[in-house]
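These notes concern the structure reproduced below.
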Amino acid sequence: MTSIPSDAHEWVSFDDNKRLRTWMFDVTFLESNWTCIFGNGCQGVLTGPTPELVQGCCSYGAHFTDEKDQRRVEKAALRLTADQWQFKSRGKNGTTRVKKNGDIMTRLVNDACIFLNRPGFARGPGCALHVMAIDNDESYIPLKPEVCWQLPLHRVDEVQEDGRVLTRISQWDRSDWGEGGEEFHWWCTESPDAFVGKTRVVDSMAEELTAMVGKVVYGQLLAYLDHRATQPKPTRLEHPVLRKRA
């Protein structure tokens, strides 16, 4: 009997003819119970396990998608207080840097993102921009770099020959970090330690998904997955990480 490929994922796609776009969603990940375990077992993305640093995926700083993304975060940084941001005094010299290849990123302080509060800080470790969002009861999506609030979701847009756009929403894999990703000792979408959430990703990351695809498309996706779950014999391919563990 032929076995299921160890890395198999199910996908669903549907067309958005008003915008000449086809949406593709990684159903296997969106129906999984992945959850962020920052500060609760996350081993970080360095070359060895470093849970004690509580850096998560913030060790190398955040890439900005474009200048608009950069300006938005720089504007948010001006609102941060010293109570919320451990390195506010260092931020007076700017919060971004330009790499030799032209990529714009957040600056590093003590070998991690300038916005990352470290263990020992009065407010605890974590993103200062996220702390501000909690304090002000506002969404962190307009405050944080795009890649930060989306992770571990990944959006890719491809323009087809006929002008139609194919948009894929999937999990962020190690390979999506580029060559450096292969050096990571650990990555959360590859570890069963992170698949311990109480709800599906499509529910727990509803705000992020809505920001990525819009209310209408998110509603269509959710309706499909909810309907699929009510079928007499619902088919569901378990996430590869959990299949391997089993």
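Available extension along the chain between SER204 and SER6 is 68.7 nm, counting 0.36 nm per residue and deducting the alpha carbon span.
Taking only the C-alpha atoms of the chain, the Rg (one decimal) and the largest Cα-Cα distance, Dmax (whole number), read 19.2, 63 Å.
With each label modelled as a point 7 angstrom along the Cα→C-beta vector, the SER139-SER89 pair spans 3.6 nm.
Report, by chain and number, residues whose modeled amide H sits under 5 Å from the one on ARG21, excluding near sequence neighbours (fewer than 5 apart, same chain). It is ASP16, VAL165, by chain and number.
What is the magnitude of the charge dipole of the stretch 58-143 about its Cα centre, with +1 placed on the Cβ of each Lys and Arg, -1 on the Cβ of each Asp and Glu, and no other charges, expressed in debye to the nearest 20?
Numbers: 14 positive and 10 negative charges, 78 e Å.
The dipole magnitude comes to about 380 debye.
Expressed in Å, the radius of gyration and Dmax of the Cα atoms of the stretch 3-70 are 17.8, 49. When the chain is described by a simple charge dipole with +1 on each Lys and Arg Cβ and -1 on each Asp and Glu Cβ, the residue from CYS36, ALA229, SER175 located farthest towards its positive end is CYS36. The residue among LEU143, ASN110, GLY120 whose Cα reaches farthest toward the positive pole of the charge dipole of the stretch 58-143, with charges on the beta-carbon of Lys, Arg, Asp and Glu, is ASN110.
If we sort 152-163, 56-67 on the protection proxy, mean other Cβ atoms within 10 Å, highest first, what's the order? Spell out each step's value before the answer.
On the way: 152-163: 11.8, 56-67: 18.6.
Order by mean packing, descending: 56-67, 152-163.
How much of the calculated P(r) for the stretch 58-143 lies past 22 Å, in percent of all Cα pairs? Each step should come with its number before you reach the end.
On the way: 703 of 3655 pairs.
Here the tail beyond 22 Å accounts for 19 percent of pairs.
Can you check what the net charge comes to around CYS58, using other residues whose Cβ is under 14 Å from the Cβ of CYS58 (Lys, Arg +1; Asp, Glu -1)? Once all neighbours under 14 Å are counted, the net charge is +2. Between amide H atoms placed 1.01 Å from N, distances below 5 Å from THR96 occur with ARG107, all of them 5 or more places distant or on a separate chain.
Taking packing as the residue-averaged number of other Cβ atoms within 10 angstrom, the listed peptides 3-14, 178-189 run from highest to lowest as 178-189, 3-14. About its Cα centre, the dipole of the stretch 97-204 is roughly 420 debye, where the only charges are +1 on Lys and Arg Cβ and -1 on Asp and Glu Cβ. Rounded to the nearest Hz, the phi-derived 3J(HN,Hα) couplings of the stretch 161-176 under the Karplus curve 6.51 cos²θ - 1.76 cosθ + 1.60 (θ = phi - 60°) are 4, 8, x, 6, 9, 9, 10, 10, 10, 9, 7, 7, 9, 3, 5, 6, where x marks glycine and proline. All other residues whose Cβ lies under 13 angstrom from that of TRP23 are scored, Lys and Arg at +1 and Asp and Glu at -1, for a net of +1.
Throughout, read-outs are computed from the coordinates displayed, never taken from laboratory work. Just so it is clear, the model here is predicted, and its values are computed rather than measured. When we count neighbours, we look across all protein chains shown, and the Cβ atoms used for this are built from the backbone with ideal geometry, even at glycine.
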